[in-house]
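Here you go, one structure.
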Amino acid sequence: MKRIFCAILAACLMLTAQAAPGRAEEAEMPSEEPGASAEEAASRENPEPAPTVAPPDRIILLKSGSSGEEVRILQLRLQELGYLEGTADGIYGSDTKEAVKAFQRRNSLSVDGIAGPQTQKRLYSEDAIPAPPPPEPVDVLAGEWPMLINLDHPVGDQFLPADLVLMTDFCDPSLVKIKYPSTLGVRTAVEALIALLEGAKADGITKWQVSAGYRSYAEQESLLNKSINTHLKKNEGWSRSRARRAALQTVAEPGASEHHLGLSFDVNVPGASNFKSTKQCRWLHAHCWEYGFIVRYPEGKKSITGFSPEAWHIRYVGTEHSLIMRDEDLCLEEYLEKYQPAED
Ligand SMILES: [Zn+2]
């Protein structure tokens, strides 16, 4: 193990030396540490580059709206670690905030997008963990069986579905309102959704809205944090972990949200407060299966899906699966359990 680690480290140091001439003297091999755990050794197989951006003369708290030399240096260091692109303009805008959040997440710091002393101390240290390489998009429809995401089968923070499209590019506004113009979905699922809504229109059921499609791990995390903060504000004296437990009743744990697949949509009626009682909901639950969608979190299956019923949340699986699930009243977990051959 140690030999492999040393070989990789040596190769990386050679690359560093080539990329930054004159800095080779700073690249020191770490001394052998007998008794280091396998985990420690594994974590050191990806040695971090030594910082070339020197910390500012004074560490001050930096956050959205901050500007000046300290922010510029912060941005340069975030760039060096692969968290930020573009020019270091010295203005702490939304890109810088997102980069700080990504850095905090990767470095197990509390994720708030504020560069306080703890965040900066880690950022300018040699222990700062750089951003991972860009994720390889996953063809979420390639498998023979629908992909399963739930609390027991989460995806990682780098999960990215292939073939995501901007829904507003595909959806006729007279057919469906896309509540948030930046909403993305996997092309095949978006096309199936359009076919579904056209089918509804042919039956005289119109006025639809999509309020959610693809959601990244980071977006789910910020959604959860928002909910936690709302609970904390409403309930004086609550601990953060108690507020988190409460938030998790309605917001999925990052990684466990089916929206990460880009195959799920939250469908409702603009302005309607109770979708479940609308004719659109009745039509959706009767017909979505014919278009390859399932009602993913149905009534009476919470103990299996792990989620309270969500009348508005549909998931694309393809008609070869959805029709069987409808006919046999199976949720996705039950369906896979019954039909998918067990892995060896
Ligand atoms: Zn949903």
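Please treat every number below as a calculation from the coordinates, not as lab data. Note that this is a predicted model, so its numbers are computed, not measured. Please note: Cβ atoms are built from the backbone with ideal geometry, for glycine as well, and neighbour counts cover all protein chains shown.
Under the rule of at least 5 residues apart or a separate chain, name every residue whose amide H is placed under 5 Å from the amide H of Val138.
Leu160, Ala162
On to the next question. Taking θ as phi - 60°, what are the ³J(HN,Hα) couplings along the stretch 126-142 by the Karplus curve (6.51, -1.76, 1.60), each to the nearest whole Hz, with x for Gly and Pro?
Computed from phi, the couplings for the stretch 126-142 are 6, 7, 4, 8, x, 5, x, x, x, x, 8, x, 9, 6, 6, 10, 6 Hz.
Could you go through the stretch 202-218 in sequence order and give the Karplus-derived ³J(HN,Hα) for each residue, using 6.51 cos²θ - 1.76 cosθ + 1.60 with θ = phi - 60°, rounded to whole Hz, and x for Gly and Pro?
3J(HN,Hα) across the stretch 202-218, in whole Hz: 4, 8, x, 9, 10, 6, 10, 9, 10, 9, 7, x, 5, 9, 7, 4, 5.
Amide H to amide H, which residues 5 or more places from Gly262 or on other chains are under 5 Å from it, using H placed in the peptide plane?
Hits under the 5 Å cutoff: Arg215.
Sticking with this structure for a sec: May I ask for the equivalent-ellipsoid semi-axes of the chain, computed as the square root of five times each C-alpha gyration tensor eigenvalue and listed largest first in whole Å? Walk me through the numbers on the way to the answer.
On the way: eigenvalues 385, 120, 79 Å².
The three semi-axes for the chain are 44, 24, 20 Å.
Please state the equivalent ellipsoid semi-axes for the stretch 185-335: what are the square roots of 5 times the Cα gyration tensor eigenvalues, largest first, in whole Å?
Over the Cα atoms of the stretch 185-335, the semi-axes work out to 29, 17, 15 Å.
Now, a different point. What is the set of long-range amide H partners of Asn150 at a cut-off below 5 Å, with H atoms built 1.01 Å from backbone N?
For Asn150, no residues qualify.
Separation between the Asp57 and Ser211 pseudo-spin-labels, each 7 Å from Cα along Cα→Cβ, expressed in nm?
It is 5.2 nm.
Cut-off under 24 Å on the C-alpha distance; same-chain residues fewer than 8 positions from Lys201 excluded. Which lysines are left, in chain and number order?
Lys177, Lys179, Lys276, Lys279
Residue by residue, what Karplus-based ³J(HN,Hα) values in Hz, rounded to whole numbers, does the stretch 265-270 have, using 6.51, -1.76 and 1.60 with θ = phi - 60° and x for Gly and Pro?
9, 9, 10, 8, 10, x
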